[in-house]
Amino acid sequence: MPSLPPPDVALDDRLKLLVESYFRLTAKELIAGKSQDVNALRLALWDAPRAIVAHGAEDDPIFFYGNKLALHLFEIDFMKFTRLPSRLSAEFVAQELRSRLMEQVSRSG
């Protein structure tokens, strides 16, 4: 079973932004409650009953987060996942579709 990533201030800041952005864009809570406690936030995201993944905004985006369920589904550990370019996360046959979708997201914000 994947283990919780070690504490990391930069990651914690990105996780806060992830939760805030999700709410701003969807008007829905990504996780229940709005805790100011970063440890509670980390645990709630980690144990969420849905896969949660996030990548950066680099030219070739790299994942910076995958929760416990996502890592289980990808069959990968956190350290390997956070080195994976997100374009490689789709099966080969789905990579072109994923690429078009990501271009659309980039144009639309």
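Take each of the peptides 47-54, 6-13, average the number of other beta-carbon atoms within 10 Å over its residues, and list them starting from the highest. Show your work: numbers first, answer last.
Working: 47-54: 14.5, 6-13: 11.0.
Highest mean packing first, the order is 47-54, 6-13.
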Inset, instruction - Please give the calculated 222 nm ellipticity per residue for the chain, where each DSSP H segment of at least 4 residues contributes -39500 (n - 2.57) and the sum is spread over every residue; nearest 500 deg cm²/dmol? - result: -14000 deg cm²/dmol
Legend entry - C-alpha long axis of helix 9-26 to longest principal axis of the chain, angle in °: 70
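Percent of accessible area on the chain owned by carbon and sulfur, 1.4 Å probe?
Details: 4400 of 7590 Å².
C and S atoms contribute 58 percent here.
Filter the GluC sites (Glu not before Pro) in the range 1-71 to those in DSSP coil with at most 12 other Cβ atoms within 10 Å of their Cβ, and list the result. Could the numbers behind the result be given before it?
On the way: sites: 20, 29, 58; in loops: 29, 58.
Listed in order of number, the matching sites are 29, 58.
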Inset, instruction - Just the ratio, please: alpha-carbon radius of gyration of the range 1-64 over 2.2 N^0.38 Å, N its number of residues. - result: 1.12
Inset, instruction - Give the relative contact order (percent, whole number) for the chain; include only Cα pairs under 8 Å separated by 6+ residues. - result: 20
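The values are calculated or read from the model by the stated rules, or taken from the named source; none is laboratory data. Just so we're clear, the structure is a prediction, and the values are computed from it rather than from any experiment. Every residue, glycine as well, gets a Cβ built from its backbone with ideal geometry; the counts of neighbours run over all protein chains shown. Remember, those area values only see protein heavy atoms, side chains included, never the ligands or the DNA or RNA. Shrake-Rupley method; radii C 1.70, N 1.55, O 1.52, S 1.80 Å.
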